[in-house]
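Working notes, structure below.
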Amino acid sequence: MADITVHPMAVADADRVLAIYQAGLDGGNASFEITAPTWAAFDTTRLTAHRFVAVDRDGTVLGWIAVSPTSTRAVYAGVVEHSVYVDPAAQGRGIARLLLDALIASTEAAGIWTIQSGVFPENAASLTLHQRAGFRVIGVRERVGRHHDRWRDVVLLERRSPTIT
């Protein structure tokens, strides 16, 4: 993994970030979304301080992670929902874990105590990644939405910071 580095996401990363996002959506088990948003929409809905990219030694973005607030209510200021996507050609190299570790460090330093995510049950790799990173299954939201004309369940996961009490 010495050839992969993680750094804060920049506007210059936008095209690769959105292409990787779309590739994940095209795979069918990443999100209810069908089309990646524009950069403007992506940029306004994710917290700038907690979004990262993983790049190879040539500077090519191989994956990204970002968070959105779960609520505008002050009581939930320490709770975020995250997404992590890796280029299909780069999967299986530990990139998602590097990104998740960077996100955890970043959010904990900022006083965020809970990171949550919703994952389709069919996305076994993502469920394993999250559980290995300290996330726990809260439950399954059954038939919570339609995706490609069929009902889909979503596994709700969360990681509570052990250092923020």
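The values are calculated or read from the model by the stated rules, or taken from the named source; none is laboratory data. Being a predicted model, the structure only gives us computed values, none of them experimental. Glycine also receives a Cβ, built like all others from the backbone with ideal geometry; neighbour counts cover every protein chain displayed. Calculation scope for accessible area: heavy atoms of the full protein, side chains included, ligands and nucleic acids excluded. Shrake-Rupley method; radii C 1.70, N 1.55, O 1.52, S 1.80 Å.
Miscellaneous remarks
- Within the range 73-121, the residues that satisfy the criterion of being basic (Lys, Arg) and under 26 Å from Asp15 (Cα atoms) are Arg93, Arg97.
- Hey, Asp56 open to solvent by less than 40 Å² (accessible area, probe 1.4 Å) and either touching a Pro at 6+ places or on another chain (Cβ under 8 Å) or over 28 Å from Glu122 (Cα atoms) (or both) or not: yes
- Test: residue in the range 14-23 that is open to solvent by 50 Å² or more (accessible area, probe 1.4 Å) and in contact with a Pro (Cβ under 9 Å, 6 or more places away or on another chain): no
- Ala2 fulfils the conditions (1) within 21 Å of Ala102 (Cα to Cα); (2) open to solvent by 20 Å² or more (accessible area, probe 1.4 Å); (3) modelled with pLDDT of 95 or more; (4) of a type outside the set (S, T, N, Q) except for a single criterion, (3).
- For the range 59-69, residues that are open to solvent by 20 Å² or more (accessible area, probe 1.4 Å) and in contact with a Phe, Trp or Tyr (Cβ under 8 Å, 6 or more places away or on another chain) total 1.
- In the range 79-123, the residue that is least open to solvent (accessible area, probe 1.4 Å) out of those that are without any contact (Cβ under 8 Å) to a residue 12 or more places away in the chain and over 20 Å from Ile20 (Cβ atoms) is Ala105.
- Among residues of the range 155-165, those that are open to solvent by 20 Å² or more (accessible area, probe 1.4 Å) and of a type outside the set (Lys, Arg), counted: 6
- Breaking point among (1) farther than 25 Å from Ala2 by Cβ; (2) part of a helix (DSSP H, G or I), for Ile112: (2)
- Residue pairs meeting the criteria (Cβ under 6 Å; at least 6 apart or on separate chains; first free of Cβ contacts under 8 Å to residues at least 60 places away in the same chain, in the range 134-145; second of a type outside the set (A, V, I, L, M, F, W, C)): Gly134/Arg159; Phe135/Arg159; Ile138/Glu158; Val140/Asp153; Glu142/Asp153
- Qualifying residues in the range 27-53 (those that are surrounded by 12 or more Cβ atoms within 10 Å (Cβ to Cβ) and of a type in the set (Gly, Ala, Ser)) - the one nearest to Val144 (Cα to Cα): Ser31
- When residues of the range 126-153 are limited to those that are hydrophobic (A, V, I, L, M, F, W, C) and not in a helix (DSSP H, G or I), the one surrounded by the fewest Cβ atoms within 10 Å (Cβ to Cβ): Trp151
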